[in-house]
Amino acid sequence: AELRLIGKTTAEINHDVFVNDIISQQNALQSAYEACLATMEDANYPWDNDSIQRAIDTWYGCLAESYAWVTPEGEVGPEWWQDQSVEEKAFRDEKYNYLVTAVRGLQNARTYVINQNKPYNDLIAKVADAEAICNDPSYVQSGADMTAVKELIAQAKEMIANVTPSYDGDNFNNTISEIN
């Protein structure tokens, strides 16, 4: 679409593309930040939220910093040509890559936390499955087997209720194996 603009030089088109790319990365960084906050607030992710906080502390500040290059409205900011010794393409690439790295930093921290909390969420899902089977009247059950299953469910619920921010994935994985 940029190439269809009448009367624009290649340099002007390149500039417009760069501004749009920066704004896209600024938006991606804001979205990644909001996703990180939502994950930290979600009770389904009790472990390792400090990893997300470290990523936010490291990377989120570059969003405000990037407004000195390009404002959210697409205006070129005051830092655009402070250093005239830097070629425009090098400046663009450096700033764009910096934002891309920041977005990845937040996304990677969030993915790490989600993966670390997988045993906890798997246990919650297994308890729900086991309770559904226990409550299904069409399921033929023997008294001894049902007592054992109910004891495992109670043990699992106690673990879920008493979860702390310190990682306890091995215990959760062992309990999931027993419930299976």
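Relative to the Cα centre, the charge distribution of segment 96-137, modelled as +1 at Lys and Arg Cβ and -1 at Asp and Glu Cβ, gives a dipole magnitude of about 400 debye. Sequentially through segment 91-99, phi angles give Karplus couplings (6.51, -1.76, 1.60; θ = phi - 60°) of 4, 4, 4, 4, 5, 4, 4, 4, 5 Hz, Gly and Pro residues having no value and appearing as x.
In the elastic network of the chain, a GNM with C-alpha springs shorter than 10 Å, the most mobile of Asn117, Asn49, Asn162 is Asn162. Per residue, the accessible area of the chain comes to 60 Å², computed with a 1.4 Å probe over protein heavy atoms only.
Please report, in debye to the nearest 20, how large the charge dipole of the chain is about its Cα centre when each Lys and Arg carries +1 at its beta carbon and each Asp and Glu carries -1 there.
Taking the Cα centre of the chain as origin, the dipole is about 240 debye.
Look at the alpha carbon pairs under 8 Å that are at least 6 residues apart: their mean separation over the length of the chain gives a relative contact order of 27 percent. Computed per residue of the chain from DSSP H runs no shorter than four, each worth -39500 (n - 2.57), the mean residue ellipticity at 222 nm is -23500 deg cm²/dmol.
Using only Cα atoms, tell me the angle between helix 10-41 and the longest principal axis of the chain; keep it within 0 to 90° and round to the nearest 10. Approximately 20 degrees, to the nearest 10. The value for the chain of Rg(Cα) / (2.2 N^0.38 Å) is 1.61. What is the percent carbon and sulfur in the accessible area of the chain, measuring with a 1.4 Å probe over the protein chains and ignoring ligands? Answer for the chain: carbon and sulfur cover 50 percent of the accessible area.
The values are calculated or read from the model by the stated rules, or taken from the named source; none is laboratory data. Everything quoted here is computed from the prediction, not taken from an experiment. Counting neighbours? That spans all protein chains shown, and the Cβs are built from the backbone with ideal geometry, glycine included. Surface areas here come from the heavy atoms of the whole protein model, side chains and all, with no ligands, DNA or RNA. Shrake-Rupley method; radii C 1.70, N 1.55, O 1.52, S 1.80 Å.
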